[in-house]
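Below: the structure, in structure tokens.
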Amino acid sequence: MKIHLKKAIIHKGNELHTLDIPLEDLTGNDLIDVEEQILKTGNPIQSTDFSRVYLISVAARALHMPVEILKQMGAYDFARVVSEVRNFLTLSDSEEELTEESANPLATS
């Protein structure tokens, strides 16, 4: 997923105007590792679906970039990255449910 930034960020001496975040390359282990790292800091996570700390950390993991770099983005860019990661993770769940229902229309919850 590509996100064009309103304000460039600097990473390893390079000015980045676009982030190409390969979320589909992450594994369940990556998501668990991110959550465990956050919990080790003593920062409680109420819900990973809505935790900005968790979502920006997932983006950083996918980008192989320190999360501190992403935390320094402008508010608009930060919010957009967090929103896109949230949408990716929650839509993945919704799409799977729809696929399962389509495969078995008589299934009940």
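None of the figures in this text is laboratory data; all of them are computed from the coordinates on show. Note that the structure is predicted; figures quoted are calculated from it, not measured. Cβ atoms come from the backbone with ideal geometry, glycine included; neighbour counts cover every protein chain shown.
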4 °C / 1.567 mPa s Stokes-Einstein diffusion coefficient of the stretch 45-87, Kirkwood radius on C-alpha pairs, µm²/s: 127
Return the distance in nm (one decimal) between the two label points of a simple spin-label model at GLU24 and LYS7, each offset 7 Å from Cα along Cα→Cβ. 3.2
Need one number: nm distance between label points at GLU68 and GLN37, each 7 Å from Cα along Cα→Cβ, rounded to one decimal. 1.3
For the stretch 10-16, take each phi angle, set θ = phi - 60°, evaluate the Karplus expression 6.51 cos²θ - 1.76 cosθ + 1.60, and give the result in whole Hz per residue in order, putting x for glycine and proline. 10, 9, 6, x, 9, 8, 9
